[in-house]
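Let me begin by presenting the structure, written as structure tokens, before commenting on it.
Nothing in this text is a laboratory measurement; each read-out follows from the coordinates by a stated rule. Computed from a prediction, not measured in an experiment: that's the story for all the values here. With ideal geometry, Cβ positions are generated from the backbone for all residues, glycine too; neighbour counts draw on all protein chains shown.
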Amino acid sequence: MTIDVDTHLQPERHALGNSPTYRWSADTTTVDMSMPLPPVRRAQIACTPQSLIVDLNRTAMIVIDMQNDFCAGTGWAATFGPDYLQARTPIAPLQKLLPALRAASVPIIWLNWGNRPDLLNLPPSQIHICKPDGSGLGFGDALPNGCGNVLQKDSWSAAVIDELQPHADDIHVDKTRISGFFDTPLDTILRNLGVRTLLFAGVNTDQCVLCTLTDASFLGYGCVLLSDCCATVSPSFCTAAAIWNVQRCLGFVSESHHVLDGLNEGGYCSHDADR
């Protein structure tokens, strides 16, 4: 007796991985690693020391420490005086830039301080930064406003400020050092996304932003500091030195309106998305 077999039937394929640019597919007989890359989406951005052409499929935006404890009027930084207002200057340009980047399908990554409640991820060397003589209001201490503890993970202190509410598809990474690459999954996430170019924003320009950008450069990423989307409470010469070092040694410096121009000229977002 002859049994007819439908040779067109194929085993069910399943996706392995969530990245839009790199994932495998598998069935009971085969693993396919040959996912075709999406067509390059070029955007030109005016920068110093040179203009850039980037592939938006391989680009991500990293926003550093734009959270309540640094930027809100009742946050930790505000307890030290009015200088915290400087940390709010990136809000307005980011309110224009982030919607345009989302419209262009560029991932937004929020990189915020987020300590364990028991502080076991912070050695004395880090605690000393904020409490050099052991007294005062430092990591993990209760805020005067009753909103939680300083820079504690999953608390009001560590949340992104209301003016820059993240979207559901944005990515969140907690950090416990000035560099966002130390002891975090940031590098793994970026590599799984297929990202090789990073736009940087946030506070403080000369501290967490610069240190994260420096590590990114050492890891082989192309780095663009968006100077109008960054701020610091440090003296002005700190910003000047940070910008000089980025331009000279670590990457490129631009401003948000140049990114918007590149997106619009490439037709990747509507005029209404960024103005």
- The simple spin-label model distance between Ser51 and Glu265, using points 7 Å out along Cα→Cβ, in nm, is 0.5 nm
- Note on the structure: Asp27 and Ser105 label points (each 7 Å along its Cα→Cβ direction) are spaced in nm at 2.6 nm
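Can you give the Kirkwood hydrodynamic radius of segment 38-274 from its Cα pairs, in Å with one decimal?
Here the Kirkwood hydrodynamic radius works out to 18.0 Å.
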- Task: Specify which residue in the list Tyr268, Val40, Thr79 is farthest towards the positive end of the charge dipole of segment 38-274, using unit charges on the beta carbon of Lys, Arg (+1) and Asp, Glu (-1), about the Cα centre.
- Result: Val40
- Rounded to the nearest 0.05, what FRET efficiency is calculated for Ala241 and Asp183 with R0 set to 25 Å and r the Cβ-Cβ distance? 0.40
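Please work out how much length the chain gains when fully extended from Asn121 to Ala92, using 0.36 nm per residue of separation minus the C-alpha to C-alpha distance, in nm with one decimal. Show your work: numbers first, answer last.
Working: separation 29, 0.36 × 29 = 10.44 nm, distance 3.33 nm.
Value of the extension gain: 7.1 nm.
State to the nearest 20 debye the size of the charge dipole of the chain about its Cα centre, where the only charges are +1 on K and R beta carbons and -1 on D and E beta carbons. Working shown, then result.
Working: 17 positive and 28 negative charges, 108 e Å.
Here the size comes out at about 520 debye.
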- Residues Cys229, Cys238, Cys249 arranged by fewest to most Cβ contacts within 10 Å: Cys249, Cys238, Cys229
- Item | Label-point gap, in nm, between Gln44 and Ile129 - each point 7 angstrom along Cα→Cβ | 4.0 nm
- Message: Explain nothing, just the number: relative contact order of the chain, from Cα pairs under 8 Å at least 6 residues apart, as a whole percent.
- Response: 23 percent
- Straight-line reach from Lys131: which aspartates and glutamates have Cα under 13 Å away, leaving out those fewer than 8 places along the same chain? Asp141
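Please give the length that would be gained between Ala142 and Gln165 if that part of the chain were fully extended, namely 0.36 nm times their separation in residues minus their C-alpha to C-alpha distance (nm, one decimal). Could the numbers behind the result be given before it?
Details: separation 23, 0.36 × 23 = 8.28 nm, distance 2.41 nm.
Contour length minus Cα-Cα distance gives 5.9 nm.
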